[in-house]
1. Output yes when any residue across segment 183-192 is more than 11 Å from the ligand (Cβ to nearest atom) and not polar (S, T, N, Q), and no when none is.
2. Residues of segment 167-194 being closer than 16 Å to Lys156 by Cα and in a loop (DSSP other than H, G, I, E, B), which ones?
3. Show the residue pairs that are 6+ apart or on different chains and have beta-carbon atoms under 7 Å apart, the first residue being within segment 1-23 and of a type in the set (A, V, I, L, M, F, W, C), the second being surrounded by fewer than 20 Cβ atoms within 10 Å (Cβ to Cβ).
4. Ile175 - would you say it is away from the ligand (no atom under 14 Å from the Cβ), among the hydrophobic types (A, V, I, L, M, F, W, C) and surrounded by fewer than 18 Cβ atoms within 10 Å (Cβ to Cβ)?
Amino acid sequence: MTIKNKVVVITGASSGIGRATAEKLAQSGAKVVIGARRVERLKEIANEFPAGQVLFQQTDVTDRESVNRLVKLATDNFERVDVLYNNAGLMPVSKMAELKVNEWERMIDVNIKGVLYGIAAVFPIMIKQKGGQIITTDSVAGHVVHPGTAVYAGTKYAIQAIMDGLRQEQVGNHIKTTMISPGVVNTELFSTISDPKQRAQTEKSEKETGLNAEDIANAVAYAIDQPANVAVNEVLLRPSSQII
Ligand SMILES: NC(=O)c1ccc[n+]([C@@H]2O[C@H](COP(=O)([O-])OP(=O)(O)OC[C@H]3O[C@@H](n4cnc5c(N)ncnc54)[C@H](OP(=O)(O)O)[C@@H]3O)[C@@H](O)[C@H]2O)c1
């Protein structure tokens, strides 16, 4: 079994990378269960496919019970979870001296704790079914830091540690881990930046030079579509024009 008929749960599926991935995997025959806060967007995606193939539920990844309910939607309907794609994230970048502590906390809650809640929700299921794959959207910012990205990059560096620790602990248990680490992608990610000048600059760079969300969806599909003995642990992809 590669992508067709796999049961895939995706967080942050209402826009950008999550949405493109949900559509790509559903087009490839997966059963997809999608979550995010903007439920009307999720409904729109589900309506693109035959009834019952794409299920959705309003989900806030900062709420552990909400993440558990999303995963339960998958097990109630499809009796398993083959892949969890922890993709929800936000990037309100700013210089540390600005002390935007609420934004720091928000990034920690969504980008780190949201991922941990996802892992906690599927872990017992994957252990019981003796296999599965946990994918998380990391970033080039999980490898390099710039002035202004300290906390965002910190959350993505944390994902590197968590996902590689998980990989090492689960070697031999048929639970694969994958980090997807994009450079700039043209999505709505800029919209959480509170400084108007920084937001406009990031939006411009996303729109002018960013990869398409579909390019990242292709990388996720590649990581899933592998024989049982092949674990694609990380895919790092930048626009060919991006230096760092
Ligand atoms: N775009 C880039 O240049 C880039 C580069 C590297 C990595 N990434 C990573 O890619 C991932 C996806 O971002 P994107 O670029 O596709 O941006 P996006 O279009 O803004 O998508 C972000 C997604 O996360 C969801 N989300 C945010 N807070 C949430 C919460 N509390 N609970 C549930 N869902 C939540 C949003 O849905 P709702 O608002 O409906 O909840 C949305 O579906 C993020 O982890 C981001 O860090 C992006």
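Read-outs throughout are calculated quantities, based only on the coordinates presented, and are distinct from any laboratory measurement. What you are looking at is a predicted structure, and each value in this text was computed from that prediction instead of being measured. Using ideal geometry, Cβ is built from the backbone for each residue, glycine included, and neighbour counts are taken over all protein chains shown.
1. No, the conditions are met nowhere in segment 183-192.
2. Gly183, Val184
3. Ile3/Ser28; Ile3/Gly29; Ile3/Ala221; Ile3/Asp225; Val7/Phe78; Val7/Arg80; Ala20/Glu214
4. Working: away from the ligand (no atom under 14 Å from the Cβ): yes; among the hydrophobic types (A, V, I, L, M, F, W, C): yes; surrounded by fewer than 18 Cβ atoms within 10 Å (Cβ to Cβ): no.
Considered against the rule, which asks whether it is away from the ligand (no atom under 14 Å from the Cβ), among the hydrophobic types (A, V, I, L, M, F, W, C) and surrounded by fewer than 18 Cβ atoms within 10 Å (Cβ to Cβ), Ile175 comes out as no.
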